[in-house]
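Each reported figure results from applying straightforward, stated rules to the coordinates on display, with no laboratory input. Every value quoted in this text rests on a predicted model; they were computed, and no experiment measured them. Here the Cβ positions follow ideal geometry from the backbone for every residue, glycine too, while neighbour counts run over all protein chains shown.
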Amino acid sequence: MTTPATDPLDAPTAALAAAVLEVARHLEGTDLPSPRLFALARSGELMKASPSLAALLGADGDGTGAPDDLHLTPIDLEDGSPVSSDPLTALESVQWPDLAAGGAIICDLAPSAWSVREGEAEGSFL
């Protein structure tokens, strides 16, 4: 177990790493024919905006009892509408919720899914 003195990650990086790990666990074993997009919302702000969610998670509607200010909650943006198999195209068309402090894109990075954009140097992959 790490302690603040020995933890190699600063607090914001650790919060981001925890959110990415949560997304990875959520999608573990899932086929990804197209990218999956997740908004990352600050948990305290999310609970203030949704008192019923806060109550469900055992926090008060004003955010007390919520995780620390840096904690991020991933929100799966899959709504059943078709998503481009190209990750960059998917990012261009996403509608981020107002509470999004960031985002995550999960996709299959098999070599067959790589593409080189026009104008990019030969040999660089996106």
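Shape class of the range 11-109 from the alpha-carbon gyration tensor: prolate, with a/c at 1.5 or above and a/b greater than b/c.
By the count of neighbouring beta-carbon atoms within 10 Å, fewest first, Arg25, Arg42 end up ordered Arg25, Arg42. Taking the Cα centre of the range 11-109 as the origin, how large is its charge dipole in debye, to the nearest 20, when only Lys and Arg (+1) and Asp and Glu (-1) carry charge on their Cβ atoms? Dipole size: approximately 120 debye.
Listed by Cβ neighbour count within 10 Å, with the fewest neighbours leading, Ser34, Ser93, Ser81, Ser50 appear as Ser81, Ser93, Ser50, Ser34. Per-residue Cβ neighbour counts within 10 Å put Thr30, Thr89 in the sequence Thr30, Thr89, beginning with the fewest.
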